[in-house]
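Below is a structure I'd like to ask you about.
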Amino acid sequence: SAVISQKPSRDICQRGTSLTIQCQVDSQVTMMFWYRQQPGQSLTLIATANQGSEATYESGFVIDKFPISRPNLTFSTLTVSNMSPEDSSIYLCSVGRDYYEQYFGPGTRLTVT
Amino acid sequence: KNQVEQSPQSLIILEGKNCTLQCNYTVSPFSNLRWYKQDTGRGPVSLTIMTFSENTKSNGRYTATLDADTKQSSLHITASQLSDSASYICVVSAGGATNKLIFGTGTLLAVQP
């Protein structure tokens, strides 16, 4: 397994602003993923963060709204841009050797007012 | 369409009692099935993982079963404790080209003293 930390753990943001969430892993990992968990819903994959290349986004998610960086094998950021109340969610990063074996971070609880 | 459905949506039991959570899936091709425990405000933590050929897997007081023919899984919790209060999520890995995790919406378990 891996030890994963996320910053911030929670935040309250105003409509129209942006928030960058950091994900740090204690060891080098091949794959990092970003998920969104809206209130009362299950997890939805936003994108796969690839080291050294552009992130791969799932249907319904675009780079302009959720830009992702992956500068090395232990770190990634997700930015939620031009936020609206509909973006209020828990954002989780996960890591793994592949899609099958994923370990989740503690999540970032975002509230947009 | 790949889907994972869980029941019940929520459950309240008394401390010390047993309970069983259900998961039905329509994911093809099937690779493996996991049960995760997600405490409030935390990321999901893996409890068990089962491949096609396995029909039971235990982790302490947690026992998962899998019937690949009927595409059903269950998670049985024995002698429940207050710390078992959490959301339990069934996750199925879609093999082949899709290669993604399909998440259920979870069962919210409350264990009362």
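Just the Cα atoms of the protein assembly as shown: what Rg and Dmax do they give in Å?
That works out to 17.7, 51 Å for Rg and Dmax.
What percent of all Cα-Cα pairs in region A:1-58 falls into each 10 Å bin, going from 0 up to the bin containing the maximum distance?
Taking all Cα pairs of region A:1-58, the binned fractions are 17, 45, 33, 4 percent.
Continuing with the same structure: Which of the GluC sites (Glu not before Pro) found in region B:1-103 are loop residues per DSSP with 14 or fewer other Cβ atoms within 10 Å of their Cβ?
B:E15
Just grab the label-to-label distance for B:N18 and A:L73, each label 7 Å out from Cα along the Cβ direction, in nm (one decimal).
Reported label-point gap for B:N18 and A:L73 is 4.6 nm.
Within chain B, which is the longest segment containing none of the trypsin sites (Lys or Arg not before Pro) that sit in a DSSP loop and have at most 12 other Cβ atoms within 10 Å?
Working: sites that count: B:K1, B:K17.
My reading of the result: B:18-113 is the longest stretch.
So, R0 is 25 Å and r is the distance between the beta-carbons of B:H76 and A:V3; what FRET efficiency does that work out to, to 0.05?
0.25
In region A:52-113, which trypsin sites (Lys or Arg not before Pro) fall in coil by DSSP and have 12 or fewer other Cβ atoms within 10 Å?
The qualifying sites are A:R97.
So what does the Cα-only Debye profile of region A:12-112 read at q = 0.16, 0.17 Å⁻¹, as log10 I(q)/I(0), no solvent term?
-0.63, -0.71
Right, here's the next one. Cut-off 10 angstrom, C-alpha nodes, Gaussian network model of chain A. Which of A:C93, A:C23, A:C13 fluctuates the most?
Looking only at A:C93, A:C23, A:C13, the largest GNM fluctuation is found for A:C13.
Connecting C-alpha atoms closer than 10 Å in a GNM of chain B, tell me which of B:S83, B:S31, B:S73 has the biggest fluctuation.
So, out of B:S83, B:S31, B:S73, the one fluctuating most is B:S83.
What is the antiparallel percent of DSSP beta bridges lying wholly in chain A, to the nearest 5? Please list the in-between numbers first.
Details: 33 of 37 bridges.
Of all bridge pairs located within chain A, approximately 90 percent are antiparallel.
Now a separate question. Under 18 Å between alpha carbons, and skipping anything fewer than 8 positions from B:K71 in its own chain: which aspartates and glutamates qualify?
Result set, ordered by chain and number: B:E5, B:E54.
Also, quick follow-up: Who wins for biggest fluctuation among B:D84, B:D69, B:D39 in a Gaussian network model of chain B, springs between alpha carbons below 10 Å?
Highest fluctuation among the options: B:D69.
Any read-out appearing in this document is the output of simple, stated calculations on the displayed coordinates, not a laboratory observation. It should be emphasised that the depicted structure is a prediction, and the values quoted were computed from it without experimental measurement. So basically every Cβ, Gly included, is an ideal-geometry build from the backbone, and we count neighbours across all protein chains shown.
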